[in-house]
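Enquirer: The structure is given below, and queries will be raised subsequently.
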Amino acid sequence: MGGGGGGGKKDRGEGLGRALVRQRNKEAAAAKARGQQLVISRRAQQALPLESVIEVSDIDAVLQRAAEEELLHGDDAEGAAALTAALGSGLVDLDGTGATAEERRLLREEQEALHADSLRVPRRPPWTAQMTTDELNTNEKRAFLEWRRNLARLQENEELVLTPFEKNIDIWRQLWRVLERSDLLVMVVDSRNPLFYRCPDLEEYAQEIDEHKRTLLLVNKADLLPLNVRRKWADYFKQHDILYLFWSAKAATAALEGKKLSAMEESDSADLDTKIYGRDELLVRLQGEAEYIVSQKGTPVAREDHGSNSSDSASARPKHVVVGFVGYPNVGKSSTINALVGEKKTGVTSTPGKTKHFQTLIISEELMLCDCPGLVFPSFSSSRHEMVACGVLPIDRMTKHRGAIQVVADRVPRHILEQVYKITLPKPKAYEEASRPPTAAELLMAYCQSRGHVSHAGLPDETRAARQILKDYIDGKIPHFELPPGEIDDESDLEDASDLEGSAAAVAPDESDDYASDEHDEEIEQAEAERNISHALSDLQSFDLNGQAAKNSTKKKKETSQKHHRKPQRKKDRSWRVGNDGADGSGVIRVFQKPAVNLSASSTSVVG
Ligand SMILES: Nc1nc2c(ncn2[C@@H]2O[C@H](COP(=O)(O)OP(=O)(O)OP(=O)(O)O)[C@@H](O)[C@H]2O)c(=O)[nH]1
């Protein structure tokens, strides 16, 4: 694959691109060494596409954003210099050293709790329709830099490790717009670790904009979570007054194609708290919640906007309730929207950070959806490696792969890794703790050996192995999930994990892997995943974190008829994005699908 004749051209292009990147890096390094700021001309900045700026080690990008015209040269030059210095030093080394000693960990936790309030989503400064665009712009940039400065100050505290987060104001502006427009905010999270992807401050911010706005936690990828684990999370969410529901964009998409995932069969026997909602049920619920919120406000649905552009006059707008979708990259926002719309409107890939602009989709006369680009919120604790493993930082930009692989090795039982990959991992030495997880080096070595992956230098090709393993982990081929705080894994949770469709594919060594070449092709990789899934279910009877052999090895896995439901996915196709709504440059799609069953008779239940 990969378009024969284009190879040479592509190579030349990459060469030039690399040279430019190298040159920019050199300039940035030189500027940093001189303690200078890298000033980028206004024209150059305007020409830049809307790009996520997350990787803090990319000093060029950080400085580029920090060098915002007069804001850095104006009345607060001292503070700006401090910000630049802090950004250039503290944030670069995020791998942290603090988690080694127990005392250090406790101290860090204490400090994190103390500074939890400082970890905020940037607020849009107050504005009025009378303000000029320039005024608005400057105010927003100023407030944003102040936010960056506060975070940079946090970094001066040695006990705190701030994870990479979104630093492009334009991406946050997208979030501001979605927040302002939405009646109901849907925070999409990955069910395998919902708290990692939840941002409580965003919920608070929504209520600051309007006290009636509510946030619903859409616990997506629930097809990867056994029923009894969903039960535990349901209890946790209810205890903590979190409005939530379980959902699987994948299952909903399959249902649109007339197929049923095994997770949905299991869901049929679940109660309201733990069931995985279907597409129509979700639409009913979303509209019901949003209408309830609007009724609480006491305003007619064609209400005054919460602060979008003045040209977007209330009278011209239809009577929709608006549901905004937000969340980290790769949690499945686009897949969810596509499933709700009933056809492909937003691109889906396993590469985080693909959605760059928010999109508006009119589902019916009453319901409008807003899809926000994926955002990496600032947080403490989780390491950069963890963020790669959780799919929020792109694998392809990963340079130190062992750290992220260690996250996988620590979380997935040794024997599951062995079964999934049909490899044998070295046992712990006599003087080591018998239950210790494999090291990243051991896992990578065993994987490379079994596949014969050798790099140019004749060494095991760890990079290729690491990318593949991480991809399998993120896609759910390697089963894993977190339990609510305080819950302890028990065997039944683990055994149930073996019933999950799409989990734990036994990936035979002779199968080609997704990273067979640098130009990995997503369609091939998805087709490969399909082939593997069917072998996995019976192999995972003994999913057991403590390494104990599973009982019930005779229990046959349910062979589902939907194993091959997943078609190879295409790359994100954004050709449908045409025109804009005239208000803020965002695309508007009129879908006018037949609304879900009886939307008007929807429930308005609010947990808690
Ligand atoms: N198993 C499973 N995988 C899912 C589900 N929903 C999405 N995915 C996968 O998760 C990956 C990310 O999905 P997207 O819909 O592109 O995620 P996104 O949140 O829009 O990502 P950004 O564009 O980066 O913001 C893709 O590989 C999807 O196939 C689900 O319900 N179950």
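The values are calculated or read from the model by the stated rules, or taken from the named source; none is laboratory data. This is a predicted model, so every value here is computed, not measured. All accessible areas refer to the heavy atoms of the entire protein, side chains included, with ligands and DNA or RNA removed. Shrake-Rupley method; radii C 1.70, N 1.55, O 1.52, S 1.80 Å.
Enquirer: Starting from the Kirkwood Rh over alpha-carbon pairs, what translational D in µm² s⁻¹ does segment 374-473 have by Stokes-Einstein at 20 °C and 1.002 mPa s?
Expert: In µm²/s, the coefficient rounds to 150.
Enquirer: At 0.36 nm per residue, and after removing the present C-alpha to C-alpha distance, how many nm does the segment from R22 to L256 gain when stretched out fully?
Expert: That pair, R22 and L256, stretches by 79.5 nm at full extension.
Enquirer: Beyond a 24 Å Cα-Cα separation, which of these cross-linked pairs lie in this structure: K250/K319; K221/K275; K221/K319; K333/K422?
Expert: Among K250/K319; K221/K275; K221/K319; K333/K422, the Cα-Cα distance tops 24 Å for K250/K319; K221/K319; K333/K422.
Enquirer: Shifting gears a bit: Can you give me the % of accessible surface on segment 384-429 that is carbon or sulfur? Probe 1.4 Å, all protein chains present, nothing else counted.
Expert: Carbon with sulfur: 53 percent of the solvent-accessible area.
Enquirer: How many Å² of accessible area per residue for segment 195-267, probe 1.4 Å?
Expert: 34 Å²
Enquirer: For segment 189-309, what's the radius of gyration and Dmax over Cα atoms, in angstrom?
Expert: 16.0, 47
Enquirer: Using only the alpha-carbon atoms, what does segment 357-410 span along each of its principal axes? Please give whole angstrom values in decreasing order.
Expert: 51, 23, 18
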